[in-house]
Amino acid sequence: MPRRNREIRVRRNRRRLSAPSSSQQPLKLCRTLSYTLEALDLSSASPTQTLASLRFLVLSYLADLERRLKELGSDFEAWKLQGGHTLDEATLWARTALDMLEGIRADVCSHLPEMPFADLSTMEAFVKSHLPDLPHLPDMAEMRSCFPDLPHLPDMSEMRSHLPDMPSLPDMDDVRSHFSDMRLKLDDVRTRFHELDFQKPFGYIPTLSDHLQSLHSHLSSMDVPSDLPHTSFTPNTVLSDLLDSLLNSDVIQDILNSTPAGVISEGEDMLERAAHEVANAVRRSLEGVHLIKYSDLPHQWRNNPFVTHGYRFIPIERWPLLILSLFSFHNETLNIHTHLVPFLLWGINLIPLINNTYSFDVPELLFMGFALLCLLSSALWHTMSGCADHRSMDICARVDYVGIGWLISASVGTVVHYGFQCHPTIGRAFLGLCFATGLAGNIFPFMAWFNKHEYRLYRIGFFLSLAFSAIGPMIAISVLHTRKEMLGFVAPVIPSILSYLIGLAFYAAHFPERVVPANVQRRLDMVGCGSHAIWHCFIVLAVSQHKSAIGSMKEGLQCMVS
């Protein structure tokens, strides 16, 4: 029986449908179906091939069922004589099945439209059909065949007499019209590609499975005598396996959760271009041993267009070169060492065994710890900025932002701790606010948009907002004490705030690399003497000034005697 069903589905059933009897209506298929489609292989088939296979199998199966139901109508009298069911019951059962079948066919034609590019041959035929017919031009062999054997070199008039009539060439206006028409046709091809949307067809598959199960339940609700012809209404094995494979795999869910096909195609093109740019940059850098220019960098590595030379581009597999670059000259040399050297010096001072003459209290120790974290993460980022692995470079950049966020929060925290010694409850509330801003500095940097160059000003605004969180505690201090006392208390911190702001102004304005002559800038790029290094110097100065201000803030404010 399975063999018989398979033959009917693929070949013989189609031959009968092509010449229906006068007593039967022709079976309606949406369009002529291709017989070259195979059952879906989920490991290799594209979404287009999957939908084309599913559409073909469903419509073929429905056509086979419809033929069997209509041919069964001629046997209803014999069915009645066997006493199984009344003629009315059998007729109603068959009519209901045909109605359900027709509804499923209409839904399939609506939700699973015929894919125009199910295979490459279809795509090629579609493109060719949309190109205009260009006038035929003879090739060189055809041209040579038109020349007779010439025994000598005749003059021009004799030469013309030997030449046959040459085919006329179209004038330029005709050529332009053909190219204009071709451009319109190619735009139509491009539009057809972008119109492919797999979310709606794949979203219909669970509904299709439910409808087919309902049809099978109805067909099995009546006992058809086994000795009658065309009595097998068992589900199609290939179709059932295909639906089960789709419903039990991640294919449908992945497509439903994905972006539209046009965006996917655009994303794939972007990835391909990015990989090509990375390969070219690695080749220009001689596998990481040669400095390259800004124009040689892939777009995702471009940060400051005013720094045009001295870029490293070292493959992650050659990580020892990244470490050795700490001791070589390039456009990140000063950016690295303006933070690495202070990190080492201040880190040594924090080791009690080396310097046990200075006693730290907890707030000062925490501030210096977060300052060292900021310096170390910055040095790490500027070392890894020359790495050709974007993921590694991007993670280090985001870690650098985390260090900046904690340094700002710790700076505000020291002001809160010493400023609210007379009001510890309020102080703890503001310390909670400082901790929350520090957490924000941990979360926002790992958002996808945060490290993009076009959001540079948004990053600056974010870190400024963390610093402006100090305004709240300062207002509270002026209310609890007096404005004069508040200003006197925060006065030691003003120099460090000014240092931060001045350095930030250099960084935001890309000064001086924006204005210096190109020949001078090229020399500065060889050591990294630019706005970023200047900003680093002001950060180190600000940390040192804030560290000194902590000594003055330890005295706190005079508490009011109740």
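Some notes on this structure:
- Scanning segment 347-380 for residues that are at pLDDT 95 or above, farther than 17 Å from Ile408 by Cβ and not small (Gly, Ala, Ser) returns a single hit, Leu380.
- Check on Ser465, within 19 Å of Arg398 (Cβ to Cβ), touching a Leu at 6+ places or on another chain (Cβ under 9 Å) and small (Gly, Ala, Ser): no
- So Phe511, is it in a helix (DSSP H, G or I) and of a type in the set (Phe, Trp, Tyr): no
- Filtering Pro363, Pro320 for residues that are exposed (fewer than 14 other Cβ atoms within 10 Å of the Cβ), out of contact with any Pro (no Cβ under 7 Å at 6 or more places or on another chain) and either at negative phi or without any contact (Cβ under 8 Å) to a residue 12 or more places away in the chain (or both) leaves a single hit, Pro320.
- Test: residue in segment 481-495 that is under 33 Å from the mean Cα position of the chain (by Cα), at pLDDT below 95 and part of a helix (DSSP H, G or I): no
- Test: residue in segment 388-411 that is surrounded by 23 or more Cβ atoms within 10 Å (Cβ to Cβ), over 20 Å from Arg459 (Cβ atoms) and out of contact with any strand residue (DSSP E or B) (no Cβ under 9 Å at 6 or more places or on another chain): no
- Qualifying position, being of a type in the set (A, V, I, L, M) and not in a helix (DSSP H, G or I), among Ala448, Ala436, Ala429, Ala467: Ala448
- Of the residues contained in segment 417-430, none is found to be in contact with a Phe, Trp or Tyr (Cβ under 6 Å, 6 or more places away or on another chain) and under 16 Å from Gly369 (Cα atoms).
Residue-by-condition table, conditions (1) of a type in the set (A, V, I, L, M); (2) modelled with pLDDT of 90 or more:
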| position | (1), (2) |
| --- | --- |
| Ile252 | yes, no |
| Ile264 | yes, no |
| Leu297 | yes, yes |
| Arg312 | no, yes |
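- Residue in segment 543-556 that is within 30 Å of Arg312 (Cα to Cα), in contact (Cβ under 8 Å) with a residue 12 or more places away in the chain and not in a loop (DSSP other than H, G, I, E, B) present: yes
The values are calculated or read from the model by the stated rules, or taken from the named source; none is laboratory data. Here the structure is a predicted model, which is why all the values come from computation and not from measurement. Note that we place each Cβ from the backbone using ideal geometry, even for glycine, and neighbour counts take in every protein chain shown.
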